[in-house]
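**Student:** Next up is a structure, given as structure tokens.
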Amino acid sequence: MSCAAMQEQNPIVEARSVLASARRILVLTGAGISAESGVPTFRGEGGYWRNKSYQELASPVTFKRDPRLVWDWYLMRRQTVNDCRPNAAHVALAKWTEIARWTRDVQLVTQNVDGLHESAGHPDVIRLHGSLWRNQCTRCGKEREEKSLNYGQLPVSPCCGALERPAIVWFGEAMPTKPMAMAYLTCLACDAVLVVGTSGIVMPAAEFVINAKKRGAIIIDVNPDDDAVPAHIKLRGQAATLVPAILA
Ligand code: OAD
């Protein structure tokens, strides 16, 4: 079926049919999948805190100048996410992936650091941007799980006794090698991509979709608003409604 013909059909039915016949599927999620759980997206109102943009706060330069400011922002985000639960989209993806993986390759790649896919019981999450729930030693780079919601004193690492930072990829920093390699291999091999809740403008995730499309993969996109995802099938609506409907 041509891509133009696909657009004319019911997009939920078309998305289901593409996913049912695909052998290798990449699922790519962004901040929008967690919006209905109560986690603010970046390019909405949640992108500002104490009059500072998230680009300024998620920055190694700002951390060097004022680690307390950056930590306070991340602690605020931990507190927000701590009160949130996975929504129907996270849960449907986790359950569907468990079953689909018996017969197909399905790989979730997320730009999110909130941990809600993991809380929903997702079997295998590639995190491109790190985790809100991990600290990293600023001296040796070693990471550890950390759930604290407040720090009287900024945290120091058990390994080196050095200041710790959030284990999150900041603007201007290199992407983590292993997740990047795994995500890249998945995008080269997949025949369908399900994109949920991302603006489609942040590299490298945006590039994964473009590469997969160039190699012939069918791109399905779930988003209530316009985005830059070059999709064959655009489903306009909220993730917690549409994702369970597609994966039913
Ligand atoms: P954005 O905040 O840029 O975009 C969120 C997208 O989700 C938008 O396109 C919204 O329209 C869409 N959206 C909102 N509510 C939704 C819902 N209920 N269901 C589905 N979609 C919904 O977030 P990302 O594109 O994920 O990186 O941003 C990627 C990266 O930009 C983030 O990981 C962050 C930031 O730089 C770092 O901090 C390293």
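Laboratory data are not the source of any read-out in this text; all were calculated from the coordinates shown. Everything numeric in this text was worked out from a predicted model, so none of it was measured. Note that we place each Cβ from the backbone using ideal geometry, even for glycine, and neighbour counts take in every protein chain shown.
**Student:** Please sort by residue number the chymotrypsin sites (Phe, Trp or Tyr not before Pro) in the stretch 165-248 whose DSSP state is loop and whose Cβ has at most 16 other Cβ atoms within 10 Å.
**Tutor:** Loop-located and lightly packed - Phe171.
**Student:** Find, among the trypsin sites (Lys or Arg not before Pro) in the stretch 46-142, those assigned to loop by DSSP (not H, G, I, E, B) with at most 15 other beta-carbon atoms within 10 angstrom.
**Tutor:** Counting only loop positions with at most 15 other Cβ atoms within 10 Å, the trypsin sites (Lys or Arg not before Pro) in the stretch 46-142 are Arg50, Arg101, Arg139, Lys142.
**Student:** Also, quick follow-up: Starting from the Cα-Cα distance between Leu185 and Glu145, subtract it from 0.36 nm times their residue separation and give me the gain in nm to one decimal. Intermediate values should be presented prior to the final figure.
**Tutor:** Details: separation 40, 0.36 × 40 = 14.40 nm, distance 2.72 nm.
Full-extension gain reported as 11.7 nm.
**Student:** Roughly how compact is the stretch 56-153, stated as its Cα Rg over 2.2 N^0.38 Å to two decimals?
**Tutor:** Normalised by 2.2 N^0.38 Å, the Cα Rg of the stretch 56-153 equals 1.27.
**Student:** Give me the net charge of Ser199's neighbourhood, meaning all other residues with Cβ under 12 Å from the Cβ of Ser199; Lys, Arg count +1, Asp, Glu -1.
**Tutor:** Computed value for this residue: -3.
**Student:** Then there is this: Among Ile99, Ile233, Ile220, which comes first, second and so on when ranked by fewest other beta-carbon atoms within 10 Å?
**Tutor:** Ranking Ile99, Ile233, Ile220 by Cβ neighbours within 10 Å, fewest first, gives Ile99, Ile233, Ile220.
**Student:** Let me ask another. Rank the residues Leu132, Leu163, Leu28 as a footprinting-exposure proxy: fewest other Cβ atoms within 10 Å of their Cβ go first.
**Tutor:** Leu163, Leu132, Leu28
**Student:** How big is the shadow of the Cα convex hull of the stretch 146-248, averaged over all directions, in nm²?
**Tutor:** Averaged projected area of the stretch 146-248's Cα convex hull equals 9.6 nm².
**Student:** Then there is this: Within 14 Å, Cβ to Cβ, of Thr97, how many net charges do the neighbouring residues add up to if Lys/Arg are +1 and Asp/Glu are -1?
**Tutor:** Here the charged neighbours net out to 0.
**Student:** If you average over every viewing direction, what projected area does the convex hull of the Cα atoms of the chain give, in nm²?
**Tutor:** Projected area, direction-averaged: 13.2 nm².
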